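The values are calculated or read from the model by the stated rules, or taken from the named source; none is laboratory data. For clarity, every value in this text was computed on a predicted model and none was experimentally measured. Glycine also receives a Cβ, built like all others from the backbone with ideal geometry; neighbour counts cover every protein chain displayed. Side chains are part of the model used for accessible areas, which takes the heavy atoms of the whole protein and leaves out ligands, DNA and RNA. Shrake-Rupley method; radii C 1.70, N 1.55, O 1.52, S 1.80 Å.
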Amino acid sequence: MPMKGRFPIRRTLQYLSQGDVVFKSLVRVMTVNYNTFGELGEGARKFVFFNIPQIQYKNPGVQIVMFKNMTPSPFIKFYLDSGEQVLVDVEEKTNKEIVQHIKKILGKSEETLEKEAREKMKLQHPATFGHKKYHMRECMCEIKGQIPCPGKIPLPKEMTGKYKAAMKENAASEASSM
């Protein structure tokens with residue numbers, strides 16, 4: 001990817017993954033109202049420029065809408081699952097203060113993030129089987145060295161029940177004929 005444009009480092013995966021705001025699951029929409037001029041909205045402008053890409057990367061299920069030059073003072077509004085709205089005044093705040101405040105009121109705690117990471121690692125364990133959404137493998141046959149599923153590749157005759165039953169029957173009929 002060419003590094004062109006204004007401050008292209010913002011589009012690198014390393015920069016995006018450094019964001020530390022992961023919203024609780026009840027946050028659905030975030031609107032940012034800010035002005036492109038004036039001294040009072042400098043922190044909001046820097047927040048939109050530097051921190052919104054990180055928030056978008058860490059929270060793909062949250063819709064983020066920006067409104068420029070539509071309000072006299074900058075603010076951020078969150079719309080929650082329950083229909084509630086949370087209003088955050090960002091006038092005269094720096095972008096770091098805004099991030100810390102948002103993380104404090106609507107972000108997941110460090111303990112919750114660690115717990116979710118542990119649960120995700122538990123599901124990523126190679127010995128678990130199940131639906132692809134939750135596990136690495138659907139079936140035991142996907143492991144190298146295991147017998148494949150009969151639906152994909154037919155089993156050798158010696159391993160099928162019909163063949164074994166026929167062999168027993170043949171052996172019994174041969175023994176009775178002698």
- prompt: Roughly how many debye, to the nearest 20, is the charge dipole of the chain about its Cα centre, given +1 on each Lys and Arg Cβ, -1 on each Asp and Glu Cβ, and no other charges?
  reply: 560 debye
Anisotropy class of region 1-125 from Cα gyration tensor, a/c 1.5 cut: oblate
- prompt: Just the accessible area per residue of the chain, please: how many Å² with a 1.4 Å probe?
  reply: 71 Å²
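Rank by packing, highest mean first: peptides 39-49, 71-81, with packing defined as the count of other Cβ atoms within 10 Å averaged across residues. Please report the intermediate quantities before stating the final value.
Working: 39-49: 18.4, 71-81: 16.5.
Ranking the peptides 39-49, 71-81 by packing returns 39-49, 71-81.
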message: I'd like the carbon and sulfur percentage of the solvent accessible area for the chain, probe radius 1.4 Å, heavy atoms only, ligands and nucleic acids excluded.
response: 57 percent
task: Distance from a point 7 Å along Cα→Cβ of Lys77 to each backbone N in region 83-112: keep the residues under 15 Å and list them by number.
output: 83-90
- prompt: On a 0 to 90 degree scale, rounded to 10, what angle separates helix 95-106 from the longest Cα axis of the chain?
  reply: 50 degrees
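What does the charge count near Leu16 come to, summing +1 for each Lys or Arg and -1 for each Asp or Glu among other residues with Cβ under 15 Å from its Cβ? Display every interim value, and only then the final one.
Working: positive: Arg10, Arg11, Lys58; negative: Asp20.
Surrounding charge for Leu16 is +2.
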Partners for Lys77 among lysines (Cα-Cα distance below 18 Å; same-chain residues under 8 apart left out): Lys24, Lys46, Lys68, Lys93, Lys96, Lys103, Lys104, Lys108
message: Under a Cβ-only charge scheme (Lys and Arg +1, Asp and Glu -1), can you give me the dipole magnitude of region 1-63 about the Cα centre, in debye to the nearest 20?
response: 220 debye
message: If I fit a long axis through the Cα atoms of helix 161-177 and take the longest principal axis of the Cα atoms of the chain, what angle between them do I get, 0 to 90°, rounded to 10?
response: 10 degrees
- request: Can you find, among Met70, Val29, Gln18, the residue farthest towards the positive end of the dipole of the chain? Put +1 on the C-beta of Lys and Arg, -1 on that of Asp and Glu.
  value: Gln18
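Of the GluC sites (Glu not before Pro) in region 102-177, which ones lie in a loop per DSSP and count no more than 14 other C-beta atoms within 10 Å?
In loop regions of region 102-177 (DSSP not H, G, I, E or B), the sparsely surrounded GluC sites (Glu not before Pro) are Glu138.
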